[in-house]
Amino acid sequence: MESQTQFTPTFSFELFPPKTEAGMEKLQANVLKLATVNPLYFSVTYGAGGSTQNRTFETVNWLLSQGIETAPHLSCIGGTREEIISILKRYQEQGITRLVALRGDLPSGAGMGGLGELNYANELVELIRSEFDDFFRIEVAAYPEFHPQATSAEADVKNFKRKVEAGANAAITQYFYNPDAYFEFVDICEKQGLNIPIVPGIMPITNYSNLVRFSDACGAEIPRWVRKRLEAMGDDKESIKAFGLDVVTAMCERLLAEGAPGLHFYTMNQSTTILKLWDNLNLSER
Ligand code: FAD
């Protein structure tokens, strides 16, 4: 973990583009609350394969209209080089300088016919660097508990290395509840000479069934003791939120105390729990 302490910690928030007008209004109200604590940037996810791209643009445009530092996510699967370059040109013209570059997952039902010209995130990073030099600061994804499709832990680290060598400036991790997995992953990267900030992605715990569903899909492990405690709370939403806040606060405290270079919060377009976490961690004092 030593290499990570050289980086100035960054704190950022992730949003997803809402599907409805009402969702957009809720996002806007929550973003205005979240913006009061001055995160470094807000990122906006991007649906692979043409599903929700216009909603991403709308959300990005609104954030820019509010003078908020915005980092759009861009995934390459299902898109052509030309399409990707035209999106990047548009972002460049809008004054965006930070991107989260991903392979993406095709939406279910899209079929395999939607696969585009770039198959992996390292190819997207290469394309951005070859067309735009260093104009964009590029964040990529990292998986302390390894990507669900990785053929082995070793292969996954090798593939992560490809993204760093292609020119990624920093990484944001998939969420996890086992800080040892993060520390171990960072150590492996350090031994490989990978010298970029690897910022933990933090998912608050507010709803048990959603958490289980997401975690199964993305390969994040919920520790048995956390699962058992949450299961025992049944539908008691307040107890789940209070326990979740304690668990996630303690994990973030440990991550920061042991050298993590910041935190990236998956806000799920909510603000209350995120702001409580922010306060618990005294992040405004940092
Ligand atoms: P890659 O780095 O390309 O890796 C994908 C898989 O392929 C891994 O198993 C890897 O080991 C393997 N691999 C990588 N490169 C190679 C190679 N050259 N040869 C052979 N195998 C290789 N999804 C979205 O659709 N939209 C989003 O906005 C979005 N935002 C995200 C933000 C974060 C911080 C994270 C952690 C994930 C996000 N995702 C998003 C999900 C992500 O798209 C999926 O996890 C996807 O399956 C992998 O994307 P990646 O960029 O990590 O892919």
- Pairs, please: C-beta under 9 Å, at least 6 apart or cross-chain, first residue within 16 Å of the ligand (Cβ to nearest atom) and open to solvent by 20 Å² or more (accessible area, probe 1.4 Å) and in region 25-50, second modelled with pLDDT under 95 and β-branched (Val, Ile, Thr)? Thr45/Thr52; Tyr46/Thr52; Gly49/Ile77
- Message: Looking only at residues that are among the hydroxyl-bearing types (Ser, Thr, Tyr) and more than 10 Å from the ligand (Cβ to nearest atom) in region 95-129, which one is modelled with the highest pLDDT?
- Response: Thr97
- Message: Against the condition crowded, with 19+ Cβ neighbours inside 10 Å and either more than 25 Å from Leu27 (Cα to Cα) or under 15 Å from the mean Cα position of the chain (by Cα) (or both), how does Ile205 come out, does it pass?
- Response: no
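Can you give me the number of residues within region 182-210 that are within 24 Å of Lys241 (Cβ to Cβ) and either modelled with pLDDT of 95 or more or outside any helix (DSSP H, G or I) (or both)?
9
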- Considering only region 136-159, state which residues are in a loop (DSSP other than H, G, I, E, B), closer than 19 Å to Ser75 by Cβ and more than 9 Å from the ligand (Cβ to nearest atom). Phe136
- Tally time: how many residues in region 250-275 are farther than 21 Å from Glu2 by Cβ and assigned to a loop (DSSP other than H, G, I, E, B)? 5
- Task: Would you mind listing the strands (runs of 3 or more DSSP E) fully within region 1-79 where at least 3 residues are at pLDDT 95 or above and closer than 29 Å to Glu285 by Cβ?
- Result: 10-15, 41-44
- Message: Suppose we filter region 80-102 for residues that are assigned to a loop (DSSP other than H, G, I, E, B) and open to solvent by less than 60 Å² (accessible area, probe 1.4 Å); how many remain?
- Response: 4
- If a residue has to be more than 19 Å from Pro39 (Cβ to Cβ) and either assigned to a strand (DSSP E or B) or hydroxyl-bearing (Ser, Thr, Tyr) (or both) to count, how many in region 163-181 make the cut? 2
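Residues that are under 26 Å from Asn169 (Cα atoms), out of contact with any strand residue (DSSP E or B) (no Cβ under 9 Å at 6 or more places or on another chain) and not aliphatic (A, V, I, L, M): does region 214-226 have at least one?
The answer is no, given that none of the residues of region 214-226 is under 26 Å from Asn169 (Cα atoms), out of contact with any strand residue (DSSP E or B) (no Cβ under 9 Å at 6 or more places or on another chain) and not aliphatic (A, V, I, L, M).
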- Query: What number goes with the only condition from (1) in a helix (DSSP H, G or I); (2) of a type outside the set (Gly, Ala, Ser); (3) touching a residue at least 40 places away in the same chain (Cβ under 8 Å); (4) open to solvent by 30 Å² or more (accessible area, probe 1.4 Å) that Asp105 does not pass?
  - Reply: (1)
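The values are calculated or read from the model by the stated rules, or taken from the named source; none is laboratory data. Because the structure is predicted, anything quoted here is derived from the model rather than measured. Note: ideal-geometry Cβ built from the backbone for every residue, glycine included; neighbour counts use all protein chains shown. For the accessible areas, the whole protein counts, side chains as well, though only heavy atoms, and no ligand, DNA or RNA atoms are used. Shrake-Rupley method; radii C 1.70, N 1.55, O 1.52, S 1.80 Å.
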